[in-house]
1. Test of understanding: in a Gaussian network model of the chain with alpha carbons linked when under 10 Å, which of N51, N87, N71 would top the mean-square fluctuation ranking?
2. Viscosity 0.692 mPa s, temperature 37 °C: Stokes-Einstein D of region 213-253 from its Kirkwood Cα radius, in µm² per second?
3. Give the cross-link partners of K137 among the aspartates and glutamates, using a straight C-alpha distance below 16 Å as the criterion and excluding same-chain residues fewer than 8 apart.
4. Quick one: check the C-alpha center-to-center distance for region 112-175 versus region 176-228, whole angstrom.
5. Carbon and sulfur: what percent of region 1-118's accessible surface (1.4 Å probe)?
6. If Lys and Arg each add +1 and Asp and Glu each add -1, what is the summed charge of the other residues whose beta carbon sits under 12 Å from the beta carbon of A23?
7. Work out the P(r) tail for the chain: percent of alpha carbon pairs separated by more than 36 Å, whole number.
8. Run through every distinct alpha carbon pair of region 170-290 and return the Kirkwood hydrodynamic radius in angstroms, one decimal place.
Amino acid sequence: MTSTVVLGGTGYIGRQICEAFLALGHRVLVLARDPAKAPPGTRGKSVDLVNTDPRALAGLLTDEGCDVIVNAAGGVWVSDEERYRLNVTLVENLLVATTVLDRRPRLVHLGSAHEYKEFPPGSPLAVYAASKHQATKLVVAATERGALDGVVLRLASVLGPHPAASGLLETVIPRLRDAKASGQSAVLYVESPHACRDFIDVRDVADAVTAATVHRASGVIDVGGGRVVLVRELLELLVKISGAPAEIIVRDAGGRASTEERCLDITTAEALLDWRPQRTLEQTLASAWSAYTGKGMVRE
């Protein structure tokens with residue numbers, strides 16, 4: 001049985017990745033600060049991935065007989081210092097640990113489309129993008145010098161069932177639920193008429209991760225929906241799916257470039273991973289709508 005270790009397996013994306021590997025018959029170990037939140041069918045272990053001695057982490061991976069490591073851990077809306085620790089120091093420790101293993105596991109590291117974008121200097125997303133890009137360079141460099149069997153999947157904006165607390169749907173779906181229950185119209189705001197994103201279903205992300213463990217590609221591979229969608233159009237579709245009364249107000253604060261996101265080139269993923277997205281945006285939003293229970297979203 002293939003042994004897979006998922007870092008950040010209690011988060012929004014990590015949970016879907018765990019489920020995908022379980023469906024393939026893998027034995028899945030989740031390393032997280034709160035292992036009690038590990039998905040059903042997995043085993044959880046409490047590990048401070050930033051402060052743990054890399055040799056101790058290497059011993060844990062050896063004892064596990066680890067074949068695959070997925071790094072779905074990281075931090076966005078935290079302090080700059082914590083963001084660097086979660087996005088860079090964690091990866092540094094992981095790479096040190098893997099280099100001393102007798103048998104090198106396959107590492108799939110999750111990057112971000114924000115690495116392509118320019119943000120106002122010093123803003124949280126600018127620091128996040130820089131830290132994710134630094135981690136990407138570490139994984140690519142280690143792979144190129146033969147110290148690692150690794151690949152980076154650079155993700156577009158992720159949507160789907162049980163969205164992260166910091167995501168767009170976590171804000172919008174509860175408002176639409178309340179509007180449908182009360183009959184009073186929800187007011188939804190879009191920051192710009194030009195605001196657009198390349199969206200990808202979280203389950204398609206999980207499929208790309210499992211594909212990256214079968215096809216031994218390296219470097220940086222974009223994983224996205226293959227097109228950009230206006231945020232206004234996404235909200236209109238979600239309102240239609242919900243059946244809730246709602247008004248969408250589009251603001252125009254200027255700064256067109258800052259609200260636009262590039263369309264990721266998924267041809268490399270198609271060629272090297274035999275992967276392409278399978279869910280339509282309507283299917284993704286319908287799943288997110290039906291999965292919401294009002295008990296709170298999954299927090300990354």
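The values are calculated or read from the model by the stated rules, or taken from the named source; none is laboratory data. These numbers were taken from a predicted model, which means no experiment stands behind them. Cβ atoms come from the backbone with ideal geometry, glycine included; neighbour counts cover every protein chain shown. Keep in mind that these areas ignore ligands, DNA and RNA; they rest on the heavy atoms of the full protein, side chains included. Shrake-Rupley method; radii C 1.70, N 1.55, O 1.52, S 1.80 Å.
1. Its mean-square fluctuation being the largest, the pick is N51.
2. For the chosen part, D equals 237 µm²/s.
3. Straight-distance partners of K137: E92, E115, D149, D222.
4. About 13 Å separates the Cα centre of region 112-175 from the one of region 176-228.
5. 49
6. -1
7. In whole percent, the share of Cα-Cα pairs in the chain beyond 36 Å is 16.
8. Kirkwood hydrodynamic radius for region 170-290: 16.0 Å.
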